[in-house]
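The values are calculated or read from the model by the stated rules, or taken from the named source; none is laboratory data. As the structure is a prediction and not an experimental result, all values here were calculated from the model. Note that each Cβ is placed from the backbone with ideal geometry, even for glycine, and that neighbours are counted across all protein chains shown. Surface accessibility is based on the protein's heavy atoms, side chains included, excluding ligands, DNA and RNA. Shrake-Rupley method; radii C 1.70, N 1.55, O 1.52, S 1.80 Å.
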Amino acid sequence: MPVAASAIYFLNLRGDVLINRLYRDDVGGNMVDAFRTHIMQTKELGTCPVRQIGGCSFFYMRISNVYVVIVVSSNANVACAFKFVVEAVALFKSYFGGAFDEDAIRNNFVLIYELLDEIMDFGYPQNLSPEILKLYITQEGVRSPFSSKPTDRPVPNATLQVTGAVGWRREGLVYKKNEVFLDIVESVNLLMSSKGSVLRCDVTGKILMKCFLSGMPDLKLGLNDKIGLEKESQLKSRPAKSGKTIELDDVTFHQCVNLTRFNSEKTVSFVPPDGEFELMKYRITEGVNLPFKVLPTIKELGRTRMEVNVKVKSVFGAKMFALGVVVKIPVPKQTAKTSFTVTSGRAKYNAAIDCLVWKIRKFPGQTEPTLSAEVELITTMTEKKTWTRPPIQMEFQVPMFTASGLRVRFLKVWEKSGYNTVEWVRYITKAGSYEIRC
């Protein structure tokens, strides 16, 4: 396994070393001079965060008025090195009350050295969780007068959490009412032609959870993804149930998910952190259910008038509704006057963005409101340039609807005490980049 760092340096903007730590003896202590001479003084800091000088590689990142520089002389895991820097800075901020700058480093030399010894061993990152490290490094940093007060509560049994597999959850949690809130939030990205054909479409989604559960529960989440249903039918030796299945692409999980079990059984099993967290992210590129279809007609009548007709059809069920629907219809910069007729909502001309803005507070499903507008343009003596029509843009939020078709089949909670749990599931679809050419 490639190392992440042989040495780490913290420099100010002048290149002075504030603090450093050598983890391996394959780099010299004066390597920072090469970084200062060949990178800082040549003003090449913004070109590339990875540089090679004299057989050593330098990975650097600027946070506030401090440069964090990692030096390695052998093949290194660059992604791991930058991830280590990000996590280490977050750790320092948790000790310093949210501040990480030159003053915070100068005021906390002893604490930083102690943390640097704990979070990396011989070039390999170790535990960087603030919740765990604060259990046995109890020294408080010198805080800025503007920083917030610490809210972490000390808990016992630090050794079990550091050496165990559940470092993201502490023991001894007790709630009077055990509840799990699960939100599936999706963003639809669309580019549609003026004739209604889809040119590009995909859905990016994330599953957010908020857990208020006692003890150390084990959760199992079942979705209607194609691979998971096929694997379940194989394990149970029975045909898969009929119904819509989807194929998830580019899935990433929170660290609490048991990846070994997911690879073998295709089920999402995990011991959740306490409170709110993002369980997983995914992307869908096929079989997308568009919540809206937009049919625009824009006619240019000579040099001084335009007619705009836009029909928006909601494709989701009649019992559903969308909230905060905004349709932005572009018009030329030389627009002088507009008049509207809408069957639902309100419309106005926004000169700052050169758009007709049509807002519908509550948009029922299976309806087709329309907008008709007459636009008067200012006449100019110069030769008129051809107006390149920007696309129509939409904003919306549709509760209890998923454009991907993703559904939660089950959410099981097991805990040794056997308490009852209340599960809440909510679906929300929002507009990402929802554009229609006109």
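Comparison of Lys348, Lys359, Lys333, Lys385 shows that the only residue that is surrounded by fewer than 18 Cβ atoms within 10 Å (Cβ to Cβ), without any contact (Cβ under 8 Å) to a residue 24 or more places away in the chain, outside any loop (DSSP other than H, G, I, E, B) and out of contact with any Cys (no Cβ under 8 Å at 6 or more places or on another chain) is Lys348. Which pairs turn up if I take residues in segment 291-304 that are modelled with pLDDT under 85 and look for partners that are open to solvent by less than 20 Å² (accessible area, probe 1.4 Å) with beta carbon separation below 8 Å, at least 6 apart in sequence or on another chain? As it stands, the answer is Arg303/Leu377, since those pairs meet every condition given.
Out of the residues in segment 133-145 that are of a type in the set (Ser, Thr, Tyr) and open to solvent by 80 Å² or more (accessible area, probe 1.4 Å), state the one that is nearest to Ser6 (Cα to Cα).
Our first condition is that a residue be of a type in the set (Ser, Thr, Tyr); within segment 133-145, this holds for 136, 138, 144.
Within this subset, residues satisfying the condition of being open to solvent by 80 Å² or more (accessible area, probe 1.4 Å) are 136, 138.
On the way: Tyr136: 26, Thr138: 27 Å.
Across segment 133-145, the extreme among qualifying residues is Tyr136.
Tallying residues that are open to solvent by 60 Å² or more (accessible area, probe 1.4 Å), farther than 19 Å from Val188 by Cα and either part of a strand (DSSP E or B) or touching a helix residue (DSSP H, G or I) at 6+ places or on another chain (Cβ under 9 Å) (or both) within segment 312-330 yields 0. Residues in segment 388-412 that are free of Cβ contacts under 8 Å to residues at least 40 places away in the same chain and buried (at least 21 other Cβ atoms within 10 Å of the Cβ): none.
Taking the conditions exactly as written (touching a Ser or Thr at 6+ places or on another chain (Cβ under 8 Å) and open to solvent by less than 20 Å² (accessible area, probe 1.4 Å)), does Val72 satisfy them or not? Break it down stepwise before answering.
Numbers: touching a Ser or Thr at 6+ places or on another chain (Cβ under 8 Å): yes; open to solvent by less than 20 Å² (accessible area, probe 1.4 Å): yes.
So Val72 passes the test.
What do you reckon, is Ala5 small (Gly, Ala, Ser), under 21 Å from Gln126 (Cβ atoms) and surrounded by 14 or more Cβ atoms within 10 Å (Cβ to Cβ)? Yes; evaluated as a whole, the condition is true for this residue. Of the residues in segment 294-304, none is in contact with a Pro (Cβ under 6 Å, 6 or more places away or on another chain) and either assigned to a strand (DSSP E or B) or buried (at least 19 other Cβ atoms within 10 Å of the Cβ) (or both).
I'd like the full set of residues that are open to solvent by less than 70 Å² (accessible area, probe 1.4 Å) and in contact with a strand residue (DSSP E or B) (Cβ under 8 Å, 6 or more places away or on another chain), limited to segment 169-179. Give the derivation first.
Initially, segment 169-179 is screened for residues open to solvent by less than 70 Å² (accessible area, probe 1.4 Å), giving 169-170, 172-173, 175, 178-179.
Passing the criteria: Tyr175, Asn178, Glu179.
One residue stands out among those in segment 96-132 that are assigned to a helix (DSSP H, G or I), touching a Leu at 6+ places or on another chain (Cβ under 6 Å) and free of Cβ contacts under 8 Å to residues at least 60 places away in the same chain: the one that is most open to solvent (accessible area, probe 1.4 Å), which is Pro130. Kindly evaluate Val85 against the criterion of being open to solvent by less than 20 Å² (accessible area, probe 1.4 Å), out of contact with any Pro (no Cβ under 9 Å at 6 or more places or on another chain), at pLDDT 85 or above and closer than 19 Å to Tyr124 by Cβ. Yes: the conditions hold for Val85.
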